[in-house]
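This report concerns only the one structure given below.
The values are calculated or read from the model by the stated rules, or taken from the named source; none is laboratory data. Model, not experiment: these values are computed from the prediction. Here the Cβ positions follow ideal geometry from the backbone for every residue, glycine too, while neighbour counts run over all protein chains shown. Heavy atoms of the whole protein, side chains included, go into the accessibility calculation; ligands, DNA and RNA do not. Shrake-Rupley method; radii C 1.70, N 1.55, O 1.52, S 1.80 Å.
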Amino acid sequence: MRTESTSVKIPVNSKFKSYFSALYRDVKRDKALYALLILPVLYFVLFHYKPMYGLQMAFQDYSLYKGIDGSKWVGFENFRMFFESPYFLRTLKNTVLISLYQLVFAFPAPIILAVLFNEVIGKRLKKAFQTACYIPHFVSAVIVTGLVTRFCATNGIVNVIASLFGAEKQNYLTMPEYFRGIYTFMTVWQNTGFDSIIYSAALMSVDTSLYEAASIDGANKWKRMVHVTFPSILPTIVTMFIIKLGNFLNVGADNIILLYQPVTYETADTISTYIYRVGLENSQYSLAAAVGLVNGIVGLILVYVSNYVSRRVTESSLW
Amino acid sequence: MKLTKKIISAALAATLMVVSFSGCSEKENTNVERTNDTPDLAYKISDKKITLDLFYTGTYGSAVDDEAGRLTNIYVKNVVPASTTDATNAYNVMLASGNIPDLVSYSITDIEKEAFEGAFVALDEYIDELAPNIKKFLDENPDKKASITSYDGHIYSIPLFEAGETAAGYYIRQDWLDKLGLKAPTTVDELYTVLKAFKEQDPNGNGIQDEIPFFQRSMNLMGIISRFDLKDGFYVDESSDSIVHGKYSEKYKMAIETISKWYKEGLIDPDIFTRGSNAREELLGNDIGGMTHDWFASTSRYNEQLKDKIEGFNFAPVAPPADINGKVWESSARMVGVRGYAVSADSEYIEEAIKYMDFWFSEPGLILQSYGVEGKHFNYVDGAPVFTDEYLSSTKSMNEAWASEGITLYRSSVQNFDAERQWMAPAALEGAKLYIDNGYCSKPQPQLSFSPDEKKVLSTKWTAVDTYMKEMEQKWILGKNDVVADWNEYIETCKSFGMEEILKIYNDAYTRYKEVKSK
């Protein structure tokens, strides 16, 4: 740092100069703290910024053997291929819809669950419930989808129960109209417990005197929940929501691939699953990189906009 | 700053160590002595002992390669760690590292892609001079030569040529047929009668109509579709000598119309598209599956497995029902050869490597490839190689038992069906014999090679068409749409997605194939 600030020979404005001299003083004073910073910075440089160099393959006809430096430049060819695919609009629609389902159903579920846990009085009971809810998260996606497939089969448990009420036996996984529902239900079942951890943590830090004060003022359980609990964890909720928005176009391709069928493509085929099938034919790294770049840019815009809105509306935001 | 530099270099070193596992060029390692090998060198290729680096994923045993080394003085050393499970990943890392081992065993189509960029040697330029056995084999089999020749006229990889004609066949519950007084179906109409009887006459005798007359693990119902004079995917139509696609013809409409009717009547597994690869265990084990179309070796196992559980269980191979034109034939076929050796363009030992590949086409090489080492894996009985009893009684499956000793690995060589026959269960053998003796089997389809530009068009356009075709097929079969009503729109949509262009690319490739073949 020192060499940089002193070796600048050209006249610089005083603001710039004073910044570096302040920084220099700062570094000198808090050597140990800055030393601690080195590893995280290295981590970001090596694993998050250096890979960005590889983004150029989105504009290339990338060849593994020739590498990034040797591959041919093709401009926006890969993007054109992606946008011109006859199924582009359908896969985009499915991606957006499945993501919306996730935001509407899968996002609030862990919050509700965490608040419910918070109301459980017995400490042991609470621990047991929580552990039971975390377990599905650790079950492999292959097993979960296998179970769902079995349950939805013509002789599966769903049909057995439905037939008690006179419904006709049918395979629900071959019915496009049910796919998004089944998929959303599956992800809720699998992830709600685990995702509630962060909200449980936020709830722990709520000052208990707030609750006491509220009950003295005559607030019942519901009122306490609405006026104390909810505002206390709102910053966490907003943060999580913005992070989720950042991944809006990245729906879990692997789960869908395990669950969908050609007959349910019309509601199940998302951008990532379609690109997966295109890539299977001929390792299309460039196309995948182009699509990833588009997803990333959309995510960045969403995060930025939602952060701005949130700062204005709720006064809590990521930055 | 110094500290930072140190950390960076340490981190980089660690990363490099992980990345460059395939980059080891341990050619010095040749002086590792084996105790029990007295060099024989009957088929010596090189005066000095050479060890070639080999890229081989999957189960790899070195016994056979060591024996080959004893004979030729060329040894190979597999540089892929045995713990590798993801072959694609290992191959990609190997390519990206830029350090390509002397010999690479990988899929022909992938090798070709990198070969166009100069990673692998064009073998055809050396074969005439250095590889008399390979040359002889290719001259005698022009169709195989054409199948491995790339669009630019070069040969970059020589696969393990597959042998044996049989692939899949029809299996039916013979005990159910006997019980209902029926005969195995020989026509499409009889097939309908039999499946209908399975559905309605309760052959498993449990009082419920829970039988699933026809099921197929592969989910594509080719067992029935092929009876309408069709094959799966792109294939050569013999009458016009051009490439057509099975799902792009009037006959397919007829097939689907029939199948959707059968599906509605409950003759076809209602969960056909979701049941997955365990369909046989599930349906045969529960005594409800009636008939299927699947591979001989694996389907024949169920008689043995289920004989105690289900009384009289007999899942027997039967001849294919005749197609609508009255022809009896089986639609599945083996491939010409999909994976074998290619030689790195950077290798110091290109000529030796090609001579070594040629060794595997010579008489001793072929025996070594299919039967292993004499005295250890097989002995000569009446002049013919026969696997030893101890080896045959191995608890491993055939493929595992072989690969762990290095037999029938994906080298450049020729498979020997007799070796496979010695491992087959009697029931499987019976089925294979039925199909071979009566000449039901189809010939392997030619393997076509495309230029990089053609591949690009195929990978995008074909994905769209394929998506559409599969989606419509399932909708029709499940009765969500009607094939007759949709048909014109279906053909139009395929066209608008580029089906004609795709077929043209295939036919151009087929024309190139025919040119090489007739040369």
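The charge dipole of chain A, taken about its Cα centre with unit charges on the Cβ of Lys, Arg, Asp and Glu (plus for the first two, minus for the last two), comes to roughly 1060 debye. Counting heavy atoms of the protein chains alone, B:Ser249 has an accessible area of about 30 Å² for a 1.4 Å probe. Note on exposure: B:His245, A:His48, A:His227 ranked by accessible area (1.4 Å probe, complete protein assembly) read A:His227, A:His48, B:His245, with the most exposed listed first. For segment B:201-283, the Kirkwood estimate of the hydrodynamic radius, built from every pair of different alpha carbons, is 14.4 Å.
Below 8 Å between Cα atoms, with a sequence gap of 6+, how large is the relative contact order for chain A in percent?
Working: 285 pairs, mean separation 76.7, N = 319.
Reported as a whole number, the value is 24 percent.
DSSP bridge analysis restricted to the protein assembly as shown gives an antiparallel fraction near 65%, rounded to the nearest 5.
Please report the relative contact order for chain B, taking Cα pairs under 8 Å with a sequence separation of at least 6, and give it as a percent rounded to a whole number.
Working: 836 pairs, mean separation 116.8, N = 519.
In percent, rounded to a whole number, it is 23.
Once the other residues with Cβ under 15 Å from the Cβ of B:Ile208 are scored (Lys, Arg +1; Asp, Glu -1), what is the net sum?
Values: positive: A:Lys169, B:Lys199; negative: B:Glu200, B:Asp202, B:Asp210, B:Glu211, B:Asp287.
Summing Lys and Arg as +1 and Asp and Glu as -1 gives -3.
Computed 3J(HN,Hα) for segment B:208-222, one whole-Hz value per residue from the Karplus formula 6.51 cos²θ - 1.76 cosθ + 1.60 where θ = phi - 60°, is 10, 7, 9, 5, 10, x, 10, 9, 8, 4, 6, 6, 9, 6, 4, glycine and proline marked x.
Taking all protein chains together, B:Ser393, B:Ser298, A:Ser196 sort by accessible area into B:Ser393, B:Ser298, A:Ser196, largest first [probe 1.4 Å]. For B:Thr186, nonlocal amide neighbours, meaning residues 5 or more places apart or on other chains whose placed amide H falls under 5 Å from its own, are B:Leu191. Taking amide H positions as modeled 1.01 Å from N, with prolines and chain starts lacking one, the residues under 5 Å from A:Gln60 and 5 or more places away or on another chain are A:Val74. Sorted from longest to shortest, the spans of the Cα atoms of chain B along the three principal axes equal 75, 61, 58 Å. Once Rg and the Kirkwood radius are both taken over the C-alpha atoms of segment B:168-318, their ratio Rg/Rh works out to 0.98.
Taken one residue at a time, the phi angles of segment A:168-183 give Karplus couplings (6.51, -1.76, 1.60, θ = phi - 60°) of 6, 6, 8, 8, 5, 6, 9, 10, x, 5, 9, 4, 4, x, 4, 5 Hz. Gly and Pro are set to x.
Selection among B:Pro203, A:Phe165, B:Leu54 by position relative to the dipole of the protein assembly as shown gives A:Phe165 as farthest towards the positive end (Cβ unit charges, Cα centre).
B:Arg70 accessible area, nearest 10 Å², 1.4 Å probe? In the full protein context, B:Arg70 sits at about 50 Å².
Quickly rank B:442-451, B:42-51 as a protection proxy: mean count of other C-beta atoms within 10 Å, highest first.
Working: B:442-451: 18.8, B:42-51: 14.5.
Those peptides, ordered most packed to least, come out B:442-451, B:42-51.
Contact order for segment B:168-318, expressed relative to its length and based on alpha carbon pairs under 8 Å spaced 6+ residues apart, stands at 38 percent. Altogether, the Stokes-Einstein calculation at 10 °C and 1.306 mPa s, with the Kirkwood radius of chain A over Cα pairs as Rh, returns a diffusion coefficient of 65 µm²/s. Put the Cα centre of segment A:176-255 next to the Cα centre of segment B:120-173 and the gap is 61 Å. Our coupling estimate for segment B:46-61, obtained by passing each phi through the Karplus curve with A = 6.51, B = -1.76, C = 1.60 and θ = phi - 60°, is 9, 6, 9, 6, 10, 10, 8, 6, 10, 9, 9, 9, x, 4, 9, x Hz, Gly and Pro reported as x.
Amide H contacts of B:Ser242 (H built 1.01 Å from N, in plane; Pro and chain starts excluded): B:Asp237 sit under 5 Å, all sequence-distant by 5 or more or on other chains.
Which three numbers, in whole Å and largest first, are the semi-axes of the equivalent ellipsoid of segment B:452-518 derived from its Cα gyration tensor as √(5λ)?
Working: eigenvalues 170, 33, 21 Å².
Each semi-axis is the square root of five times an eigenvalue, giving 29, 13, 10 Å.
For segment B:129-238, the number of Lys pairs with C-alpha atoms closer than 30 Å, counting only pairs eight or more positions apart or on separate chains, is 13.
Seen from all directions on average, the protein assembly as shown presents a Cα convex hull projection of 48.5 nm².
Leaving ligands and nucleic acids out of the surface, order A:Leu37, A:Leu173, A:Leu300 by accessible area at 1.4 Å, largest first.
Values: A:Leu37 85, A:Leu173 5, A:Leu300 120 Å².
These residues rank, largest area first, as A:Leu300, A:Leu37, A:Leu173.
With each label modelled as a point 7 angstrom along the Cα→C-beta vector, the A:Tyr53-A:Ser140 pair spans 3.6 nm. The accessible area of B:Thr511, taken with all protein chains in place and a 1.4 Å probe, comes to roughly 70 Å².
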